[in-house]
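Below is one structure; the comments refer to it alone.
The values are calculated or read from the model by the stated rules, or taken from the named source; none is laboratory data. Keep in mind that what you see is a predicted model, and the values were worked out from it rather than measured. In this analysis, Cβ positions are derived from the backbone assuming ideal geometry, glycine residues included, and neighbour counts consider all displayed protein chains. These accessible areas exclude ligands, DNA and RNA; they are computed on the full protein's heavy atoms, side chains included. Shrake-Rupley method; radii C 1.70, N 1.55, O 1.52, S 1.80 Å.
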Amino acid sequence: MQSCFKIEFWRAAALAAALLVAPALAAPAVAQDPTGVAVGSVEITGNRRVPADQILTTVGMQQGDTVMAAQLDDAMRRLLATGQFRDVQVFAISDPANPAAPVTLRFQVEEQPMVAQIQFLGLENLSASMLRDTVGLRAGRPYEPSRAVRAEAMARQLLAEKGFRVRSIEHRLEPLAAGSDEVSLIFDVEEGQRVAISEIEFVGNQAFSDSRLRDEMSTKREGFWWFRSGTFDDEQLREDMRGALPSFYASNGYIDAAIVGDSLVVDDETGKARLIVRVEEGPQYRLAEFDVVGASRFASDDLRRYFEQRRSGFLSGFGLGTSRDEGTRTGEVFDQGAFEAATDDVRRLYTNQGYLYARINPVIERLPADTSGPRVRVVWDISEGNPASIRRVVIAGNTKTHEDVIRNQLSVLPGDIYSEEMLIASYRRASGLGFFETPMPAPRMEEIGNCVENPSEACQIDVIFEVTEKQTGSINFGTSLGGSLGLMGFLGYDEPNLFGQAKSGHLRWEFGRYSNNFEASYSDPSIRDSFLSGGLSLFSSTDRFFTFNEGRRHRTGASLRLGIPMPTDRFSRLSMGYSLSRTSYENFDDDQQNIFSLPPGVQSTVTLSLDRNALDHPMFPTVGSRQSVEAAFSGGLFGGDGDFQKYSVTGAWYVPVGSLGGSAPGARPVRFTLGLQADAGALFGDASRFPFDRFWMGGVQFGRPLRGYDETTITPSGYIPSNRPGVALDQRFGDAYLRLSAEYAIRFTDNISLGAFYDAGNVWRRPSEVDPTRLLRGAGIGATIVTPFGPLGLDYAYGFDKDQPGWQLHFKFGQGF
């Protein structure tokens with residue numbers, strides 16, 4: 001492609017002094033004129049398909065404008081970026097009779113041909129339509145060379161993943177008719193034969209057998225099972241040759257080992273291949289000496305332990321490896337992989353203490369062999385430098401969310417000593433707000449001054465968090481049919497970031513012949529930009545996710561809640577609330593008396609609670625804890641029909657136990673975490689008018705969850721199936737409960753989690769009967785995904801203490817543990 005800026009002139013001597021005729025020098029000539037060039041008119045030539053008005057809109061210039069060379073360059077780039085044009089040239093034409101008059105800008109365009117059809121010739125083992133859709137190739141659009149090249153690369157990659165060694169892929173354009181700008185885009189593909197690796201052999205290996213080396217490779221031989229196809233993948237083989245095998249040798253003391261070559265011998269008739277890998281192992285080195293030099297911030301002995309007592313074993317990445325009881329001793333085989341990992345740990349230790357520019361230089365010195373064989377002396381040569389402090393924390397890109405909302409999630413503050421650990425925690429909490437596109441970019445750090453070269457100068461940095469807002473509000477509507485409610489419609493609206501201030505609003509209206517429910521709530525984490533938080537809710541509804549055969553209840557009322565942070569702990573908040581509601585019951589069977597035969601009652605409740613939440617993510621935490629203590633007082637001095645007190649205590653603790661992938665801010669590793677949860681409650685007084693305020697257990701949708709069992713089947717009398725005749729509902733609830741849960745979770749992203757869990761719990765008729773040794777147990781696996789409509793989860797659990805132990809599938813809305 002060529003572009004130029006020409007001026008036709010005869011006697012325009014004054015204008016020629018500012019503008020040169022040569023195309024290569026024309027743009028700089030315009031730039032030299034600080035006043036630019038006045039535009040008298042703009043012309044479009046060369047266009048056959050694209051309307052001139054559309055081109056003029058893209059150019060963005062009109063009569064009366066004064067333009068510079070840079071603006072003309074921008075206009076040409078915009079035209080080329082549309083994909084409609086192969087070439088664009090700009091000419092500035094002056095009036096020879098009046099050289100000082102405004103010029104005419106002529107944009108001469110050459111249109112890309114229109115692709116009328118797309119063909120893949122010779123493509124047999126890939127879907128052409130899938131390939132077209134993946135790269136966005138469409139007939140009826142202008143020819144885009146970049147997309148055609150991407151289609152070639154994609155076809156080559158996908159065929160390689162299926163084991164085909166592609167001989168050639170090229171594309172060409174063929175006109176459909178003489179004089180027409182319509183073309184056929186044709187891809188000529190020569191796939192070659194599919195290659196399946198039937199055997200992997202090693203030459204030159206003595207320390208390890210062929211089978212042991214094959215175990216370290218991702219490339220596998222063809223096998224009996226369907227997942228052992230032996231497919232040849234050139235990229236995967238390259239990673240084995242450059243990474244997996246050399247790392248394995250180095251971790252076993254063979255630090256000089258090298259993969260000197262590989263060859264693939266293919267049988268042209270069968271497509272079977274024999275992979276031959278040539279190895280030079282070299283000697284095995286043992287550790288002669290390990291020193292730490294240059295360390296003053298940390299004791300050398302403390303740093304040595306990072307290498308001498310490293311976690312080892314295959315499961316170490318999952319947090320389940322074992323630690324060595326004794327340190328690495330002189331004469332042991334040198335593990336270079338463990339040494340490099342320990343170096344990273346020490347480097348992270350320094351950065352967490354503010355030594356952002358500390359350099360940990362790992363030195364491996366080969367020593368002459370002694371009676372034990374070749375030896376190495378390894379050293380950490382440490383240059384600590386000065387600790388870095390944070391001068392400013394900058395938030396960028398928040399076009400809707402107020403800056404204070406983001407800052408409230410950050411643990412890094414101006415004046416603090418830099419800590420990578422705190423930076424990562426801040427990044428995860430800001431990402432966990434759910435207001436921004438994920439993954440968020442890694443926080444940037446800008447150095448102030450140059451303390452690396454000037455040790456006497458204080459180290460200061462600016463930390464910049466960059467975010468991109470996403471749509472947070474959602475409108476929900478639909479219909480449902482089932483149960484005693486018949487046909488029902490619903491309409492709702494949820495917004496977790498009202499006004500960009502993290503205020504949340506919720507509206508939901510359900511309507512039908514047998515149902516008319518309404519819910520509205522509003523919460524504000526910072527009322528009038530103060531430390532005071534609050535929430536208000538109005539409701540007139542029945543229970544949503546679970547229905548009883550005997551009847552249903554309906555509650556109408558309102559609640560108000562206010563909270564203030566604790567002055568000594570930014571993660572803790574003291575709250576007080578009040579709710580007033582009227583509960584009515586509908587009995588489906590007038591011939592039988594049950595809890596749905598109760599008269600309506602008015603409930604007046606005051607609640608006091610103390611909450612502490614230091615989790616790194618609201619939905620899928622990997623580190624931190626959450627505790628809550630709440631007391632609710634109904635009736636008595638506060639009026640109403642009930643007279644009881646309800647106390648509850650909950651706690652959850654998460655510890656990270658490993659990760660796969662990078663750990664720096666902005667990296668998206670798969671993280672592994674262990675979570676423990678305990679919660680208990682007790683009720684004192686007379687709650688007979690409000691039986692649903694007592695404790696129910698089982699399932700995941702109603703009452704206290706216990707997976708592996710149906711809803712309400714955990715009773716003070718043990719496990720009772722939901723369909724057992726003669727058991728009234730009031731026999732299923734108690735005045736005390738205890739529930740314990742443990743989960744090993746895999747956090748794939750901030751939106752997807754998979755885990756294995758173990759639950760145990762029970763309910764008792766009176767608090768004095770609580771017996772932690774008498775708990776019903778369930779265990780299983782579960783998955784949760786965050787959708788635009790909220791979190792959805794599936795749990796598949798085994799109930800150990802049912803009459804007939806077995807599996808139970810649970811579908812849940814919300815977080816659940």
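Here are the numbers for the structure shown:
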| quantity | calculated |
| --- | --- |
| Fraction of antiparallel bridges per DSSP, region 340-494 only, in percent to nearest 5 | 75 percent |
| Total charge dipole magnitude, the chain, about the Cα centre, Cβ charges on Lys, Arg, Asp, Glu only, Debye to nearest 20 | 1440 debye |
| Unit charges at the beta carbon, dipole of the chain: most positive-side option, Val346, His617, Ser218 | His617 |
| Charge dipole (debye, nearest 20) of region 354-483; +1 at Cβ of Lys and Arg, -1 at Cβ of Asp and Glu | 400 debye |
| HN-Hα J in Hz across region 91-104 - Karplus 6.51, -1.76, 1.60, θ = phi - 60°, x for Gly and Pro | 10, 9, 10, 9, 8, x, 7, 9, x, 7, 6, x, 8, 9 |
| Within the chain, percent of DSSP bridges classed antiparallel, to nearest 5 | 85 percent |
| Fraction of accessible area attributable to carbon and sulfur, the chain (%, probe 1.4 Å) | 53 percent |
| Packing rank of 231-239, 127-135, 419-427, where each peptide gets the mean count of other beta carbons within 10 Å, highest leading | 419-427, 231-239, 127-135 |
| Region 578-695 - percent relative contact order, Cα under 8 Å, separation 6 or more | 21 percent |
| Using a Förster distance of 30 Å, the FRET efficiency for Asp53-Asp74 (Cβ separation, nearest 0.05) | 0.95 |
| Cα-derived Rg over Rh, computed across region 347-471 with Rh taken as Kirkwood radius | 1.18 |
| From the coordinates shown, P(r) over Cα pairs in 20 Å bins from 0, in percent corresponds to which of [x] 13, 43, 31, 11, 2, 0; [y] 16, 47, 31, 6, 0; [z] 11, 29, 33, 23, 4, 0 | [z] |
| Among Ala295, Pro368, Gly640 the positive-end extreme of the charge dipole of the chain (Cβ point charges) | Gly640 |
| Protein-only accessible surface order, largest first, of Phe571, Phe499, Phe690, Phe811 at 1.4 Å | Phe499, Phe811, Phe571, Phe690 |
| Solvent-accessible area per residue for region 345-391 (1.4 angstrom probe, square angstrom) | 47 Å² |
| 5 angstrom amide H check on Tyr418, placed H, neighbours 5+ away | Ala388, Ser389, Ile390 |
| Ranked order, Lys272, Lys802 - accessible area, probe 1.4 Å, largest first | Lys272, Lys802 |
| Cα-based convex hull volume of region 700-817 per residue, rounded to whole Å³ | 105 Å³ |
| Pairs of lysines in the chain (C-alpha under 17 Å apart; 8 or more residues apart or interchain) | 6 |
| Estimated inter-spin distance, Val149 and Ser218, nm [label 7 Å along Cα→Cβ] | 2.6 nm |
| Heavy-atom surface of region 607-689, accessible at 1.4 Å and reported per residue (Å²) | 43 Å² |
| Val277 accessible area, 1.4 Å probe, all protein chains in place, Å² to nearest 10 | 0 Å² |
| Relative contact order of region 689-814, defined on C-alpha pairs under 8 angstrom at six or more residues apart (%) | 23 percent |
| Only Lys, Arg (+1) and Asp, Glu (-1) charged, at Cβ; region 115-254 dipole about Cα centre in debye | 220 debye |
| Percent RCO, i.e. relative contact order, over the chain, from Cα pairs under 8 Å lying at least 6 residues apart | 5 percent |
| Unit charges at the beta carbon, dipole of the chain: most positive-side option, Leu598, His402, Phe692 | Leu598 |
| Amide H partners (placed H, <5 Å) of Gly500, local residues excluded | none |
